[in-house]
Each structure stands twice: as C-alpha cells, then as structure tokens.
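The values are calculated or read from the model by the stated rules, or taken from the named source; none is laboratory data. Remember, predicted model here, so these are calculated numbers, not experimental data. For neighbour counting, all protein chains shown are included, and Cβ atoms are generated from backbone atoms with ideal geometry for every residue, glycine included. Side chains included, ligands, DNA and RNA excluded: accessible areas come from the protein's heavy atoms. Shrake-Rupley method; radii C 1.70, N 1.55, O 1.52, S 1.80 Å.
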Amino acid sequence: MSFSGSHPQSILFLAANPKDTTRLRLDQELRDIGEGLRRAQKRDQFHLEQRLAVRPRDIQRAMLDISPQIIHFSGHGAGKEGLVFEDEVGNTKLVDGEALAGLFELFADQIRCVVLNGCYSELQAKAIVNHIDYVIGMNQAIGDRAAIEFAVGFYDAIGAGRPIEFAHKLGCAAIRIAGITEHLTPVLLKKSL
C-alpha cells in the first residue's frame, strides 16, 4: 500500500521523553524526518505535524484535530506495561497496548499505518494491528541511532511514493548501512483480512 491521491496525507509525530526517563534524541529524529520529507520527490503529498511531551489525552486531541493517516510514536517502551507518555507534571505515564488499540480502532477508517519507534513496542503493535492495516513495532530495545536511521529511511521511502512494505525494508537497510546491528529490531505487522 502506497500513499497517493489529490489530498496531502498527514503524518502525526508523537514524542514523549518524561523527565524521569533516559534522555532520547527525539528532536533529532523529528528534524531528520522533516528534512527528508521536505526534499522528497512527492513532498506535496505529505504534511508533518508534531506533538511533543505527549500526555495520553493529547493523542486523542491530535487525532481529532489532524486526522492523520500515519501516526509515529517516538519515545520509550516498557514491554507489557505499555508505551511511556507523560503525566501532568512530566513524569512517566504508561499506556498499554489494549488502550492504544481501542483508541486507534475509533480512527481505523483514516489511519493506515502506525510506527512505534520505542523499545519493546512489538507487544503494543500486536494489539493495534487488529484494527490498523500496518503497524511497526520494535521486538527488543533499540538504540537512539538505530531508531533515527530507521525513521529516516522509512520516511524517505514514503516520501518517494514507495509502499509501506518497501519503506520498512529501507528503514531496516538504513540501520545496517550505518553499521548498526539492530536492523532486525523493527518488525512490520499487517492486519489479517
């Protein structure tokens, strides 16, 4: 499935790095994705929106305001416990995969792909893929450099009009080309028909 049509597709970049967690280079990831999309062959077909220091309610508000086709989460994952968002004072607030899947199910008619660029996020991806066509999660911990290389490769391919499966493969290849051994960490899941 590739992205084409007369209306620009919205990509919603959600980032959370609570003050009680290890610092990540989320700003670099966002900047590099944005630069890649701005120079992309099909740049007019995509619009990148961002929400930083995301709290759980910020996700639903952004989904209502933006109506994204791609949702990209960048931050920490905690395996079975969920993805790490922020609470009202900037500390960790975990949201499990079933809760996220329930929210995304409400927007399944518009969301085509979810990228969970956080450690151990494959568990959440498996819950979300029951409702969304394509979901990418990480099957183990992923380092900052590998996460950024994957995201840049993935969105470079999307911006060139390539299908999601190709974009996933290019993102994994980008990790490997950078000399990082985590190229098998991003896992693409497809919704069963």
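Which percent of the accessible heavy-atom area of the chain goes to carbon and sulfur, probe 1.4 angstrom?
Numbers: 4440 of 9100 Å².
About 49 percent, which is the carbon plus sulfur part of the accessible surface.
Semi-axes of the equivalent ellipsoid of segment 119-193 are 20, 16, 8 Å, computed as sqrt(5λ) over the eigenvalues of the C-alpha gyration tensor in descending order. A cut-off under 13 angstrom between Cβ atoms defines the neighbours of Ile59, and their net charge, with Lys, Arg +1 and Asp, Glu -1, is +1.
With Cβ to Cβ distances under 11 Å as the rule, what net charge do the other residues near Gly153 carry (K, R +1; D, E -1)? Don't jump to the answer; show the numbers that get you there.
Details: positive: Arg162, Lys169, Arg176; negative: Asp32, Glu149, Asp156.
Cβ neighbours under 11 Å give a net charge of 0.
Average accessible surface for segment 1-75: 53 Å² per residue, computed with a 1.4 Å probe over protein heavy atoms with every protein chain in place.
Roughly how many debye, to the nearest 20, is the charge dipole of the chain about its Cα centre, given +1 on each Lys and Arg Cβ, -1 on each Asp and Glu Cβ, and no other charges?
Once rounded to the nearest 20, the dipole reads 420 debye.
A Förster distance of 35 Å, applied to the separation of the beta-carbon atoms of Arg25 and Leu106, puts the FRET efficiency at 0.65.
For Ala40, what charge total do you get from the other residues with a beta carbon under 12 Å from its beta carbon, if Lys and Arg give +1 and Asp and Glu give -1?
Values: positive: Arg38, Arg39, Lys42, Arg43, Arg162; negative: Glu35, Asp44, Asp156.
Value of the local net charge: +2.
If only the Cβ of Lys and Arg carry +1 and only the Cβ of Asp and Glu carry -1, the dipole of segment 8-75 around its Cα centre is close to 60 debye.
Candidate cross-link partners of Lys93 among the lysines, defined by an alpha-carbon separation under 23 Å and a same-chain spacing of 8 or more, comprise Lys19, Lys80, Lys126. In this simple spin-label model, placing a label point 7 Å from the Cα along the Cα-to-Cβ direction at both Lys126 and Ala141 gives a separation of 2.1 nm. Estimated from helices alone, the mean residue ellipticity of the chain at 222 nm is -11500 deg cm²/dmol (sum of -39500 (n - 2.57) over DSSP H runs with n ≥ 4, per residue).
Place a label point 7 angstrom from the Cα of His7 along the Cα-to-Cβ direction, then list the residues of segment 99-114 whose backbone nitrogen is under 17 Å away. Counting backbone N atoms under 17 Å from the label point, the list is 107-113. Volume per residue for segment 1-117 equals 103 cubic angstrom (convex hull of Cα atoms).
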